[in-house]
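J.: Sharing a structure here in structure tokens format.
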Amino acid sequence: MDRRTFTQSITLGTTAAVVTPNLALSCAMPASSDKKLGIALVGLGSYSTYQLAPALQDTQHCYLAGIVTGTPNKKQIWKEKYAIPEKNCYDYENFDSIKNNPDIDIVYVVLPNSMHADFCIRAAKAGKHVICEKPMAMNVEECDAILAACKKAKVKLGMGYRLHSEPYTQEIKRLIKEKTFGEVRYVNAEAAYYSGGNPNQWRLNKALSGGGALVNMGVYSIQSLIYGTGENPIAVCAQEYSTRPEYFKDTDETITAQFKFKSGAVGHMMTSHNINANKLHVNCSNGWFVLEPANNYGPLSGITSNGTKFNFPHESQQKLQMDDFAKHVLYNAPNLAPGEMGRRDMVIVEAIYRSIAKGGSWQVLSLGA
Ligand code: NAD
């Protein structure tokens, strides 16, 4: 299965009672306004092409105003398809002149991971708000540099963590916050897909990706564990497995990790480029709930131990995510996935790699509540 087929949903096949949308957790709607922010997508690869650009045709608070690409052919295709004026088209070299373009309010960096820090920082210096795809950068040091640049330029920074704007995930957060099933005792998060494609793709090249499954799908597992407990972990230990070293020459194939939380909750995660998995299971003192699938483009599916099946209307997660960020910029609505969250996840990623390098030893995390 490749990344695109991974997005197909896995259903639980259970008939049960139904929960309806929890509007209380949705981003607060501001007073209505006609103002739409212009977004420029940087990097016109598969995520921009098949998810972000189509979603931007339906967004209410932002629109596709510009593109930044290193491929002249793509520029022509996108200009025509989305009626983007020539003055809003940039390449990687002239990108900095975007600062003089009032049509562009937000720069969305959708490049290989090694390019995130450079383009996020250049976007901030150009005075543009920034959305950065996951993982935030190659390491915590780069995350700090992005955060500092955005702070200095007084621009907003959001992560492309689409699930925070997604109703099934928001329902998980509500169940945790309201302790509907009591105290969380155990959380299991799995995010993985089988990679069998081009062995020269950037995701398998550490210099471009920063790592393998962990920095790709593993970020979803880390996120799931945190919103599945409602707290940051205090320690982690991890193991790495390699069964196809001839294919995964440079990057991690499969990683498992165990987490301790201050409340006493225990977490387990698995991520892989060799296994198909897509699940969040939360076990509490008085019951459990599951999302499966938990991480793909939806619709997700969820059920609780009392037989209640989640049932929320499906909308593009990317549409919801970009509108939520635009509302944050326009109306100071909550930033559901701020840059600090991306940095926190990179701290955990680094601790996982450190644990593996040290034979699976526990690594203490000082992330606060
Ligand atoms: P992709 O390979 O399809 O596209 C990468 C783009 O970067 C291409 O347009 C390519 O031309 C350009 N590029 C510039 N320099 C390059 C280089 N040196 N090597 C390779 N490509 C180069 O990748 P993608 O799937 O669109 O992923 C882009 C980013 O988006 C990654 O950070 C990825 O983690 C993230 N992503 C996030 C989600 C999500 O659900 N949030 C989904 C997919 C991808």
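J.: Determine which single condition Ala83 fails, assuming it passes every other condition in (1) touching a residue at least 60 places away in the same chain (Cβ under 8 Å); (2) at positive phi.
T.: (1)
Here is a yes/no grid of residues against (1) open to solvent by 50 Å² or more (accessible area, probe 1.4 Å); (2) closer than 16 Å to Ala145 by Cβ; (3) within 16 Å of the ligand (Cβ to nearest atom):
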site: Ile77; (1), (2), (3): yes, no, yes
site: Glu80; (1), (2), (3): yes, no, no
site: Glu86; (1), (2), (3): yes, no, no
site: Phe95; (1), (2), (3): no, no, yes
site: Ser114; (1), (2), (3): no, yes, yes
site: Val130; (1), (2), (3): no, yes, yes
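J.: Oh, and also: Only one of these is within 30 Å of Glu253 (Cβ to Cβ), away from the ligand (no atom under 14 Å from the Cβ) and in contact (Cβ under 8 Å) with a residue 40 or more places away in the chain: Gly211, Gly218, Gly196. Name it.
T.: Gly196
J.: Same structure, new question: Being out of contact with any strand residue (DSSP E or B) (no Cβ under 8 Å at 6 or more places or on another chain) and surrounded by 23 or more Cβ atoms within 10 Å (Cβ to Cβ) is the filter here; which residues of the stretch 141-160 pass it?
T.: Result: Cys143, single match.
J.: If you take the residues of the stretch 132-156 that are part of a helix (DSSP H, G or I) and within 16 Å of the ligand (Cβ to nearest atom), which of them is nearest to His328 (Cα to Cα)? Walk me through how you get there before you give the answer.
T.: Start the filter on the stretch 132-156 by keeping residues that are part of a helix (DSSP H, G or I), which leaves 140-153.
Next cut, within 16 Å of the ligand (Cβ to nearest atom) only: 142-143, 146.
Working: Glu142: 24, Cys143: 21, Ile146: 19 Å.
Checking each candidate, the answer is Ile146.
J.: Can I ask one more? Among what's in the stretch 251-264 and is over 20 Å from Gly360 (Cα atoms) and not polar (S, T, N, Q), pick the residue that is least open to solvent (accessible area, probe 1.4 Å).
T.: Within the stretch 251-264, the subset over 20 Å from Gly360 (Cα atoms) is 262-264.
Remaining after also requiring not polar (S, T, N, Q): 262, 264.
Numbers: Lys262: 171, Gly264: 53 Å².
Here the answer is Gly264.
J.: With the condition kept exactly as written, say whether any residue in the stretch 307-315 is assigned by TED's automatic domain parsing to the domain that holds Phe181 and under 27 Å from Gln258 (Cβ atoms).
T.: no
J.: Look at the stretch 97-112 and say how many of its residues are among the hydrophobic types (A, V, I, L, M, F, W, C) and within 13 Å of the ligand (Cβ to nearest atom).
T.: Going through the stretch 97-112, the residues among the hydrophobic types (A, V, I, L, M, F, W, C) turn out to be 98, 104, 106-107, 109-111.
Narrowing the set further to residues that are within 13 Å of the ligand (Cβ to nearest atom) leaves 109-111.
The number of residues fulfilling the criteria is 3.
J.: Would you point out which residue out of Ala126, Ala117, Ala83 is closer than 30 Å to Ile348 by Cβ and small (Gly, Ala, Ser)?
T.: Matching residue, one of Ala126, Ala117, Ala83: Ala117.
J.: Residue check, Pro54 against (1) without any contact (Cβ under 8 Å) to a residue 60 or more places away in the chain; (2) more than 18 Å from Gly158 (Cα to Cα), all met but one. Which one?
T.: Pro54 satisfies every listed condition except (1).
J.: Give the residues of the stretch 175-221 that are under 23 Å from Tyr247 (Cα atoms) and assigned to a strand (DSSP E or B), sorted by residue number.
T.: Within the stretch 175-221, Glu190, Ala191, Ala192 meet the criteria.
J.: Looking only at the stretch 97-112, which residues are within 19 Å of Asp324 (Cα to Cα) and open to solvent by 20 Å² or more (accessible area, probe 1.4 Å)?
T.: Asp105, Val110
J.: Looking only at the stretch 224-244, decide whether some residue is crowded, with 24+ Cβ neighbours inside 10 Å and within 16 Å of the ligand (Cβ to nearest atom).
T.: Yes, there is a match, as at least one residue in the stretch 224-244 is crowded, with 24+ Cβ neighbours inside 10 Å and within 16 Å of the ligand (Cβ to nearest atom).
J.: Listed residues Thr271, Thr256, Thr251; which is within 24 Å of Ser209 (Cα to Cα), within 15 Å of the chain's Cα centre (by Cα) and hydroxyl-bearing (Ser, Thr, Tyr)?
T.: That would be Thr271, the only listed residue that is within 24 Å of Ser209 (Cα to Cα), within 15 Å of the chain's Cα centre (by Cα) and hydroxyl-bearing (Ser, Thr, Tyr).
The values are calculated or read from the model by the stated rules, or taken from the named source; none is laboratory data. Every value quoted in this text rests on a predicted model; they were computed, and no experiment measured them. Glycine gets a Cβ as well: all are built from the backbone with ideal geometry, and neighbour counts include every protein chain shown. The accessibility values were calculated without ligands, DNA or RNA, using every heavy atom of the protein model including side chains. Shrake-Rupley method; radii C 1.70, N 1.55, O 1.52, S 1.80 Å.
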